[in-house]
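What follows is one structure encoded as structure tokens, with my remarks underneath.
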Amino acid sequence: MCLAIPSRITKIEDSLATIDVDGVTRQASLLLLEDAEVGDYVIVHAGFAIHKIDEEAARESLRLIKEAASFADEAESREAGDG
């Protein structure tokens, strides 16, 4: 399964963006987007920004990802306690 993560562009140099995901920074290629700017939210998959999204959609997606991770952690904790 692949997961594309919403990220905010904080810096652009040539066709490489520095992106921020909840305080974690990474690099992503902008070769697939023509009009990306600092401050834009983008969907990043496999190191490439593949689509621009609005801030509200990005924040909601990140909230849902965190919620799903929390459920997975809780389930893992329950399973570890049962064994």
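None of the figures in this text is laboratory data; all of them are computed from the coordinates on show. Since the structure is predicted, the reported quantities are computational estimates derived from the model, not experimental observations. Every residue, glycine as well, gets a Cβ built from its backbone with ideal geometry; the counts of neighbours run over all protein chains shown.
Please go through the range 50-83 and give me each residue that is small (Gly, Ala, Ser) and under 15 Å from LEU3 (Cβ atoms), ordered by number.
The answer is ALA58, SER61, ALA68, ALA69, ALA72.
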*Only strands (runs of 3 or more DSSP E) wholly contained in the chain count here; list those with 1 or more residues that are surrounded by 10 or more Cβ atoms within 10 Å (Cβ to Cβ) and of a type in the set (Gly, Ala, Ser).*
5-13, 16-21, 24-29, 48-53
